1. Along each of its three principal axes, how wide is the spread of alpha-carbon positions in the stretch A:12-83, in whole angstrom units, largest first?
2. Using only the Cα atoms of the stretch A:57-134, build the gyration tensor, take square roots of its eigenvalues as a ≥ b ≥ c, and label the shape rounded, prolate or oblate: rounded if a/c is under 1.5, else prolate if a/b is larger than b/c, else oblate.
3. At 25 °C and 0.890 mPa s, grab the translational diffusion coefficient of the stretch A:1-140 from Stokes-Einstein with a Kirkwood Rh over Cα pairs, rounded to a whole number in µm² per second.
4. How high is the FRET efficiency between A:S167 and B:R222 when r is their beta carbon distance and R₀ equals 22 Å, given to the nearest 0.05?
5. In degrees from 0 to 90, rounded to the nearest 10, what is the angle of the helix B:198-208 Cα long axis to the longest principal axis of chain B?
6. So, by mean Cβ neighbours within 10 angstrom, what's the order for B:249-262, B:268-281 with the highest one leading?
7. Which ³J(HN,Hα) values, rounded to whole Hz and listed in residue order, are derived for the stretch B:155-160 from phi using the Karplus coefficients 6.51, -1.76 and 1.60 in 6.51 cos²θ - 1.76 cosθ + 1.60 with θ = phi - 60°, glycine and proline given as x?
8. To the nearest whole number, what is the average tally of beta carbon atoms from other chains within 10 Å of the beta carbons of peptide A:94-106?
Amino acid sequence: MSDDATALLRVEGLRKSFGGVHAVDGVDFSIARGEVVAVVGDNGAGKSTVVKMIAGAYTRDEGRIFWEGRPVEPQSPEDAKDLGIETMYQDLALVPDLDPAGNIFLGKEPVRRLFGVVPVLDRAEMRRRSAELLERVRIRLPSLQVPVRQLSGGQRQATAIARFLLSDRAKLIIMDEPTAALGVQEQRKVLDLIEQLKQQGISVLVISHNLEHVLSVADRIIVLRGGRVAGVVPRAAADRQTIVALIVGGTA
Amino acid sequence: MRAGETLPAPGRATARTWSIGDINPLLFIIIGLYIVLALASDRFLAVTNQMNITRQVSVYLIIALGQTFVISSRGIDLSVGSTLGLCAAVVATQISDGLNVWLAIGLGIALGSLIGVGNGLIITKLQISPLIATLGTLVALRGATHLYYTHLYAHEVVSRLPRDIVYLGQGFVGPVPVPAIIAAAMCVLAWYLFHYTRFGSYTTSIGSNEAACALAGVHVDRQKILIYAFQGACCGLAAAILVGRLNGASPDVGTGYELHIIAAVVLGGTALFGGIGTMWGTVLGILTIGVIENGMVLIGADFHLQRVLIGILLIVAVAYQGWRRRRQGTAERT
């Protein structure tokens, strides 16, 4: 689906080993703008390792990463962020006692001057822009002024996502098992959220164990097995059996 | 609140229903104490006695404001009493030796800040828990204070200081004691910093989830060092006031203050494990203890009874806060 010239991200021959074990052993794939790509595979297939190399959390042993056609070397999560690659952590990295607006603006709080001199946090502005960001991904929170620890899992995810949208730099959002540990209704909301990001032109790379979820949101599904790409399945051709077969391998 | 289908649009649904439980329960306790003490002693409500209470609590309050920042950030500063002691020693001896009073006060604040920076560096760079780090400085600074008097000053006690510094501790503006005015100004400053600046917001955020703050680009170490520095500065200012009130100083000044102050902060509703803090609660906590101490003296109760009362009150207050937070679903910790 994604041509090399138009790809947002392209990786070639990615390799990474830990103490002689080849966790990732030559992986190639690409992601287009606004495309949702899922990475599936059994435990130890190399999903997290691949994603962490892209996110700057691991350095690769071999291989090349192209970002918007240019070779890049993300050495740290900050490097990746500067490129426009954001990673949503499983614990979401939110401050539980802070409200959603405070979390969205954490580290980037706007300040206004009272009487032209005294600097004060511009909470009204934070709430206003938070509401806009949440509106962009069609998320409604009960209040922007309650601590996020009082929000549901899906609402916290929405808050984490809105954080990424704030900088307007995010072009690729990596999600590691975003629907795990959520109720059914909440899972649905997260999938809707991914759909909304896609419509905003933001690419999503999602790791998930839940094939149903993967099949409902992903444009393409990359199946890893033993650190290699066992197959790339476009949505049109994707069904449960094909993917399961690729995950477990051609031993049948 | 879970699903969200029937929820109003974001941003608009901001009004939380107000309940009587939102009032700090200490306010009721203070009102209760006032009623009981007013009935028990006809001197309690007298203006001079009320002003006396404000003067008595001022030194504690100024330090407790700093401690509220520290505890909100999931830290603790046990060294406040010793910091106060060393700052008082330096301020008193320098004034006694002829240093300008205002310069000496500035020196005390600077020294306190420096000690705070030291605490912050030990905690962040040596990665020692605040409890142990400040326990260490509590002991070391008290020893240093004694050494300072015996070796650098050659007297154990300083007394009979100039009028300016005594005014700072004992003076009045109209009926209001000067220390109370300074403490009130510090309350405004602390309240502003805590609720209206990044400094305050990062303080509770670090106490709530330090890793998330670091990930968001907050300079966590720098922020913590600044918090302890502010606490130290509060101790330095309090030391100058105390020197004026005592019209002198001795090596044991401030001993045991840390427990009094931490008790007041926690009593007020600041969570000992960080993330939640309240300046208003700290003011009420200090006032509660101050009113109990004053009232017990007035009604001629055994001095030790007040300690029993304060101890029980502390346990009851924290139990209540825990119950309330659990009920709101805010007690879960990740």
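Please treat every number below as a calculation from the coordinates, not as lab data. All values derive from a computational prediction rather than experimental measurement. All Cβ positions, glycine included, derive from the backbone under ideal geometry; neighbour counts span all protein chains shown.
1. Principal extents (Cα only, largest first): 31, 24, 19 Å.
2. Prolate.
3. After rounding, the answer is 137 µm²/s.
4. After rounding to 0.05, the efficiency reads 0.50.
5. In chain B, helix B:198-208 runs at an angle near 70 degrees to the longest axis.
6. B:268-281, B:249-262
7. Calculated HN-Hα couplings, in order: 10, 8, 9, 10, 8, 6 Hz.
8. Details: counts 6, 15, 9, 12, 8, 1, 1, 3, 3, 4, 0, 2, 11.
Other-chain Cβ atoms within 10 Å of each residue's Cβ, averaged: 6.
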